[in-house]
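**Q** Here you go, one structure.
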Amino acid sequence: LYKLEIFHTVSEEGSFSRAANRLRLTQPAVSQHIRDLEEKLGRELFRRNNRGVGLTPAGELLLDYTRCILRMLAEAESAIASLEELSNGQITIGATHGVGVYLLPGWVQSFRERFPRVMVTLKTDTTAGISAQVLDGRLDLGLVEGELSMTPPLNSISLQEIELCVVVGGKHEWWDESEVTLSNLDGQAFIARTQGSHTRAWTDRLFARSGISPRIVAEFDNPEAILQAVAAGVGISLLPDWALPDKLSGTRVRKIRVQGARLNRTLRLIWTENRARSSAAQAFLAHLSEPFPHLSQLLATGGSTGPSSPDDEPAI
C-alpha cells in the first residue's frame, strides 16, 4: 500500500525528484520503491526522459486501480472514525412493494446484527414514488424494480436481474404443467397490478407486443395480495421468482416457466448525487456490497457510476 501511495504521487508530479520532495523522501528511495513495484508486476510503469517521467500503458492501468484503492482506504478510515455516529445513527430506505416484502427484511436483519443501534426505517411505494422521495431527501436510498429513466441528480446502479414466472393456484388446469407459452395466457383470467404502476405498464406492453389479451379479473397493489388471490383461485398472474419461496407452507401455488420468452426485469439501487450520505447509509451500502460486490464501485467513487442503464423491455 505504501508503494502504491508513492507510485500515485510520482504519477501526479511527473517527476521522481518532485515526488520525493512532497513525500519527504530521498530520490533514490522513491526510485527503489518504483523499481520494486515494477519487478513485482513484471512491467515498466514509467517511461523515463529528460523532462521527467510518463506512465506506460501498464502504469495507466495500475493508476486507475490505485485511485480506487486509496479512495476506499479513505472511506474505511472515515467509517471507523464514525463508529460512534453509527451507535445512534438512522437510515430511511424506500422500496417497491415486492422488494420491501421479500428482499429488504433479510438484508435489514443481517445489517442490524452488525449495527444493532442503527435505526432502520422502511417505506414502500411505487417506483415513481420512491424516486420522488429520494430526490427530495425523504429517503437515503431506494430499491426499485424495472423501468427507470433518470436525470441528474438522481442516479442508479443495477443490482440483479429478476425473472418473472406464471403463477397458478391448486385448482388451475395448468397445475401439472412445467412450461407454458405467452400465447397460452390469451383469454386467461389474470390478476394484474394496479393501473399507474411500472409493473402494470410493463405487463401491458408485454401483452401488446405479444398480441395477446389476458382477461383482467382483479387488480392489486402488491405481490403478496396477488399471491393470495392466485392461491384462492381468482386467476393466474406473473410474479418475480423470489416472491415464490418454497417455504410458503399452506399456500397452494406453484410457478411455471414461460417458454420462448425472457421475462426479466432489473432490481436497481437509486440515490441522489447532491446529498452527502450519512455514515449509516454508507455502512448499509458496504453491507449490501457483500451480495452485490460491484457496489464497491459506488462506495469508492462517492456516488458517481456513470449513466444509468436504459429501460428494460420484455424480450419475446
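The values are calculated or read from the model by the stated rules, or taken from the named source; none is laboratory data. Computed from a predicted structure; not experimentally measured. As a convention, Cβ positions derive from the backbone with ideal geometry for all residues, glycine included, and neighbour counts pool all protein chains shown. Note: accessible area is taken over every heavy atom of the protein model, side chains too, but ligands, DNA and RNA are not part of it. Shrake-Rupley method; radii C 1.70, N 1.55, O 1.52, S 1.80 Å.
**Q** Can you tell me how many residues within the range 140-161 are modelled with pLDDT of 90 or more and within 17 Å of ILE226 (Cβ to Cβ)?
**A** 0
**Q** Taking the residues in the range 86-108 that are farther than 18 Å from ILE162 by Cα and touching a Ser or Thr at 6+ places or on another chain (Cβ under 9 Å) as candidates, determine which candidate is surrounded by the most Cβ atoms within 10 Å (Cβ to Cβ). Step through it out loud before you land on a result.
**A** First pass over the range 86-108, keeping only residues farther than 18 Å from ILE162 by Cα: 86-94, 108.
So of that shortlist, the ones also touching a Ser or Thr at 6+ places or on another chain (Cβ under 9 Å) come out as 86, 89-94.
On the way: LEU86: 18, GLY89: 21, GLN90: 13, ILE91: 24, THR92: 20, ILE93: 25, GLY94: 27.
Ranking the candidates gives GLY94 first.
**Q** Within the range 164-174, track down each residue that is closer than 22 Å to THR203 by Cβ and either among the basic types (Lys, Arg) or more than 34 Å from the chain's Cα centre (by Cα) (or both). Explain how you work it out, then say what you get.
**A** So in the range 164-174, the residues closer than 22 Å to THR203 by Cβ come out as 164-169, 172-174.
Hits for the range 164-174 are HIS172, GLU173, TRP174.
**Q** Which ones in the range 6-43 are among the charged types (D, E, K, R) and open to solvent by 70 Å² or more (accessible area, probe 1.4 Å)?
**A** GLU12, ARG18, ARG22, ARG24, ARG35, GLU39, LYS40, ARG43
**Q** Which one of ALA192, ALA208 is touching a Lys or Arg at 6+ places or on another chain (Cβ under 7 Å) and small (Gly, Ala, Ser)?
**A** ALA192
**Q** Something else now. Which one of these is at pLDDT 90 or above, open to solvent by 10 Å² or more (accessible area, probe 1.4 Å) and touching a strand residue (DSSP E or B) at 6+ places or on another chain (Cβ under 8 Å): VAL120, VAL134?
**A** Going through VAL120, VAL134 in turn, just one is at pLDDT 90 or above, open to solvent by 10 Å² or more (accessible area, probe 1.4 Å) and touching a strand residue (DSSP E or B) at 6+ places or on another chain (Cβ under 8 Å): VAL120.
Residue-wise test of (1) without any contact (Cβ under 8 Å) to a residue 24 or more places away in the chain; (2) of a type in the set (A, V, I, L, M, F, W, C); (3) touching a Ser or Thr at 6+ places or on another chain (Cβ under 8 Å).
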| residue | (1), (2), (3) |
| --- | --- |
| PRO152 | no, no, no |
| GLU163 | no, no, no |
| TRP175 | no, yes, no |
| THR181 | no, no, no |
| ALA192 | no, yes, yes |
| LEU206 | no, yes, no |
| VAL217 | no, yes, no |
| PHE220 | no, yes, yes |
| VAL230 | no, yes, yes |
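**Q** Please go through the range 282-298 and pick out each residue that is at pLDDT below 90 and either touching a His at 6+ places or on another chain (Cβ under 6 Å) or closer than 22 Å to THR127 by Cα (or both).
**A** LEU295, LEU298
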